[in-house]
Amino acid sequence: MVGMARMESPFKGDVLKGKVALITGGGSGIGFEISSQFGKHGASVAIMGRRKQVLDAAVSSLRSLRIPAVGFEGDVRKQEDARRVVESTYQHFGKIDILVNAAAGNFIVSAEDLSPNGFRTVLDIDSVGTFTMCHEALKYLKKGGPGQDSTTGGSILNISATLHYTASWYQIHVSAAKAAVDATTRNLALEWGTDHGIRVNGIAPGPIGDTPGMSKLVPDEIQSKAREHMPLYKLGEKWDIAMAAIYLSSGSGKYVNGMTIAVDGGLWLSRPRHLPKEAVKQLSRVVEKRSRDKPVGLPLTSSKL
């Protein structure tokens, strides 16, 4: 796998110049990679999280790259925290152009062993927390709002998943939460795009290597087996998600609204093969031969097929 440090961005280094981004869950994992890449492409960055030590380390790392960065402690489940962090970001940078909702909760558990409280907790973080942050940031993101011009508004990006596209083992709580996130994305894109000039989009990451989610939810031996069913036969990188985030949050994606883009190598399309490829070829040859040998007008049937 190509190392992150050697990956070259396809975007100009100033594509987000002058923009201010607030990123929940921006101190670790995918959220931190988005924070870093936004900063490397010209944005000023505010990150929100519950753990002060993680926030401080992330801000220090960003500043070492000469990225204007600040961290604010807060829990997206608490409206007062959301309001305080949004207002603090505005006070610090003078505006907010981009909101990225990357904070999430997850753990693996069977539905019968999942308590209603555990189910509710994930929905509170992922779906209610996403809406709460959007709600509190609205006045700063809408066209004509503080820091915005009178013709266009800011951008919201919600980090989702593909788990609910069909169904997922032992992830009923996250599947429900992310389904709500996607519905929120579409509805806000419709309402706020029309009324306030705000674009609202999402990214649904697939399995991304070197993230807490992968190490916590998918043991190494299962990862190796899972790759056999992946169309691109490899894990994604945090860089892949960050590049999609730049596209959707910059002028490059100015006409994209209400979309949640799956960045998973096509994994959500995949199913285990019920027949090996060679067996399919052999079966096809048998069918073709019988088709040639059958008199015209007789049905092609066989008790052996």
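Per-structure values
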{"item": "Scan of the range 88-130 for residues that are more than 29 Å from Trp169 (Cβ to Cβ) and touching a residue at least 12 places away in the same chain (Cβ under 8 Å), ordered by number", "result": "Ser88, Thr89, Tyr90, His92, Phe93, Gly94, Lys95, Ile96, Asp97, Ile98, Leu99"}
{"item": "Ala242 being in the same structural domain as Tyr170 (by TED's automatic domain parsing), in a strand (DSSP E or B) and either more than 30 Å from Ser35 (Cα to Cα) or modelled with pLDDT of 90 or more (or both)", "result": "no"}
{"item": "Residue match in the range 200-207 (condition: modelled with pLDDT under 90 and either on the phi > 0 side of the Ramachandran plot or part of a loop (DSSP other than H, G, I, E, B) (or both))", "result": "yes"}
{"item": "Only listed residue being under 23 Å from Ile172 (Cα atoms), at pLDDT 70 or above, in the same structural domain as Gly29 (by TED's automatic domain parsing) and assigned to a helix (DSSP H, G or I), chosen from Trp192, Trp268", "result": "Trp268"}
{"item": "Test: residue in the range 12-28 that is more than 16 Å from Gly154 (Cβ to Cβ), out of contact with any strand residue (DSSP E or B) (no Cβ under 7 Å at 6 or more places or on another chain) and part of a helix (DSSP H, G or I)", "result": "no"}
{"item": "Condition check for Lys95: part of a loop (DSSP other than H, G, I, E, B), touching a strand residue (DSSP E or B) at 6+ places or on another chain (Cβ under 7 Å) and either modelled with pLDDT under 95 or more than 28 Å from Pro207 (Cα to Cα) (or both)", "result": "yes"}
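The values are calculated or read from the model by the stated rules, or taken from the named source; none is laboratory data. Only a predicted model underlies this, so the values are computations on that prediction, with no experimental measurement involved. Neighbour counts run over all protein chains shown; Cβ positions are idealised from the backbone, glycine included.
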